[in-house]
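Read through the structure below, which is laid out as structure tokens, and then see the notes.
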Amino acid sequence: MKARIALIDDDRDTLKLLSNFFENLDYTTFLYEDALKAFEDISNAKLNCDVIVTDFSLPNISGIEFTKRMKSLGNQIPIILITANRKVEVAVEAIHAGAYDFVVKPIHFPQLLVSVERALHLARVEQDNQTLKTVVKLQEGTTSLEGVIGKSPGIKHALDLARRVSQSSSNVLISGESGTGKEIIAKTIHILGPRKKFPFIAINCASIPENLLESELFGHAKGSFTGASEKKVGLFEEADAGTLFLDEIGDLNLSLQAKLLRVLQERKIKRIGENQYRPIRARIVCATHKNLREEVEKKNFREDLFFRLNVIPIWIPPLRERKEDIIPLAEFFLNKFSALNNIRGKFFSNDCLEALIKHPWKGNVRELENSIERALVLAEKDRIESDDVIPIDQADTRETSTENAFDFSRISQSRLLSVEELINKYISYALEINQGVKEKTAKDLQIDRKTLYRRLKEMEH
Amino acid sequence: MSFSNQVPHEMKVVYIQRRLSDFAECSKAIATGDYSFLEKVGHQVKGNAESFGFDALSPIGIALETAAKEKNIEEIKKAVHDFGTAVANIQKTEL
Ligand SMILES: Nc1ncnc2c1ncn2[C@@H]1O[C@H](COP(=O)(O)OP(=O)(O)O)[C@@H](O)[C@H]1O
Ligand SMILES: [Mg+2]
């Protein structure tokens, strides 16, 4: 499924450069020197694309004007504006016109790519939200839900909690590494409860510029600041009696933390630039990959807010700590993508299954899902082998990783490790668990940081 | 790593060839007093040179655009001269 990008720029050289860049990455591009023409093609359904990248200053209608017209049609295609102007007001104007993001010239391609991929991801998440409703069904008498796979105690416990809290309105805080399934659990809570008739709205607090997040959440009155040319209903209101999922809540700045706390206490909000309070009905579910308790200690996160959010904590363990889920998930994704791609008869070799279990899956279920989708499409034979799923270059890190894994039974009995060696091994293991964060590692191991640094230095030799 | 390091060579070549023809047109525009053409060339170079990895051209584009806006013929001549020199230099040494 190639993504389709419309590119709009009156400068033909830039247009060619953009198109060359994206075509090389296997996107399909459609080029326009005139935004008006692009607008016509899209509104007449002559052009069907997934994301639009447009220049800001254009001859007929500007990039902003184009964005406004698209939004006034109710068009949902994400638009990314490229501007030569670094002023904040321009950015604010762009976002308030309804642009998904803006990128400053000279074009920094990796940054543009990140923005495009995020926009595509967002569009997909919104689609998933619609399809998920048909997938997640409660199976009577069990805690397992179709569509959320797993038999490990960790995931069963999370699902069980999700099912029970779905009937209440308490605040829920879901934590776990990226890709472990926080969002899918949040949706499950939504769908199993009485709120399922109302919207499920997800917003990633880390991916939106801080100054814009507030008006996203709270909305604003017309003319309340430069660029606020229309009034805007915030997400607290838009979620209605549904669920507002605040992802990466650990990245919320302190001033918004204070505002969120008030919302949770008073269950009412004020749009920016208004004096009138409006009641809210939405349930708030938050998620984070950070350890919020620690963020509280470091004074990055308000303690009072933490307690208020953490009424019902749900923790999803990383996939490497619930290896019994790997095969069921792998089979599930194999079936899902086989059906989606009209592929029949593919299966995993025994070696492959073993390799799947051994792999550390640092990107958790998301990484597993992506690997299987790719393997399915790329594998030439019906039997999928381990190197179809886990590329050779990653298989090397897999070796060192399992090597690192702290498992006494793996230590060679013919040559026992010295205590020194064991300490070093354990330190590497702890460091890996903490994703390389030395401070946290030192703290967990109850040694001081200097000792840790010295050890690590020694280990290099 | 920025994409400008990876801009395909042939795209860079075409880009510079087009700037050379811009340069020729600019010289004509000076003679006819076509300030809006000069401004347009300056504006475009300002906007796209760095994306192609030719950072040195971008200040020249700015200078040309500004001078053309002000109809300052001395500054225009200087900017166009710098532009031609820089483009020729890139063609000789970088491509
Ligand atoms: N237990 C599960 N069963 C089925 N799919 C899952 C499960 N956990 C995660 N996924 C899938 O893995 C991907 C990442 O999950 P997501 O909920 O977005 O993770 P997170 O929000 O923690 O980063 C999604 O495509 C999701 O559908
Ligand atoms: Mg997520």
Looking only at the range A:157-186, count how many residues are of a type in the set (Ser, Thr, Tyr), within 16 Å of ligand 2 (Cβ to nearest atom) and either assigned to a helix (DSSP H, G or I) or surrounded by 17 or more Cβ atoms within 10 Å (Cβ to Cβ) (or both). 2
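Residue B:69 - would you say it is basic (Lys, Arg), more than 9 Å from every other protein chain (Cβ to nearest Cβ) and more than 14 Å from the chain's Cα centre (by Cα)? If you could, list the steps in order and put the result at the bottom.
On the way: basic (Lys, Arg): yes; more than 9 Å from every other protein chain (Cβ to nearest Cβ): yes; more than 14 Å from the chain's Cα centre (by Cα): yes.
The answer is yes for residue B:69.
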Could you identify the single residue in A:287, A:330, A:339, A:282 that is touching an Asp or Glu at 6+ places or on another chain (Cβ under 7 Å) and either within 16 Å of ligand 1 (Cβ to nearest atom) or within 14 Å of chain B (Cβ to nearest Cβ) (or both)? A:287
Pairs, please: C-beta under 9 Å, at least 6 apart or cross-chain, first residue surrounded by fewer than 16 Cβ atoms within 10 Å (Cβ to Cβ) and in the range A:103-125, second in a loop (DSSP other than H, G, I, E, B) and at pLDDT below 80? A:110/B:1; A:110/B:2
Being surrounded by fewer than 18 Cβ atoms within 10 Å (Cβ to Cβ), away from chain B (no Cβ under 14 Å) and over 30 Å from residue A:231 (Cβ atoms), is that true of even one residue in the range A:47-70? yes
Can you tell me which of B:24, B:49, B:31, B:56 is within 13 Å of another protein chain (Cβ to nearest Cβ) and surrounded by fewer than 16 Cβ atoms within 10 Å (Cβ to Cβ)? B:56
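Let's see how each residue does on (1) more than 20 Å from residue B:11 (Cα to Cα); (2) touching a residue at least 12 places away in the same chain (Cβ under 8 Å):
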{"site": "B:31", "(1), (2)": "yes, no"}
{"site": "B:39", "(1), (2)": "yes, yes"}
{"site": "B:49", "(1), (2)": "no, yes"}
{"site": "B:64", "(1), (2)": "yes, yes"}
{"site": "B:75", "(1), (2)": "yes, yes"}
{"site": "B:87", "(1), (2)": "no, yes"}
{"site": "B:91", "(1), (2)": "no, yes"}
Identify, from the list A:42, A:8, the residue that is away from every other protein chain (no Cβ under 11 Å), touching a helix residue (DSSP H, G or I) at 6+ places or on another chain (Cβ under 8 Å) and at pLDDT below 90. A:42
Restricting the range A:349-371 to residues that are under 20 Å from residue A:177 (Cα atoms) and of a type in the set (A, V, I, L, M), the residue that is nearest to ligand 2 (Cβ to nearest atom): A:365
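Considering only residues that are part of a strand (DSSP E or B) and within 13 Å of ligand 1 (Cβ to nearest atom), look in the range A:187-209 and name the one that is surrounded by the fewest Cβ atoms within 10 Å (Cβ to Cβ). Let's see the steps before the verdict.
Restricting attention to the range A:187-209, the residues satisfying the condition of being part of a strand (DSSP E or B) are A:200-204.
Those left that are additionally within 13 Å of ligand 1 (Cβ to nearest atom): A:200, A:202-204.
Details: A:200: 25, A:202: 23, A:203: 17, A:204: 19.
So, considering only residues that are part of a strand (DSSP E or B) and within 13 Å of ligand 1 (Cβ to nearest atom), the one surrounded by the fewest Cβ atoms within 10 Å (Cβ to Cβ) is A:203.
The values are calculated or read from the model by the stated rules, or taken from the named source; none is laboratory data. Here the structure is a predicted model, which is why all the values come from computation and not from measurement. Every residue, glycine as well, gets a Cβ built from its backbone with ideal geometry; the counts of neighbours run over all protein chains shown.
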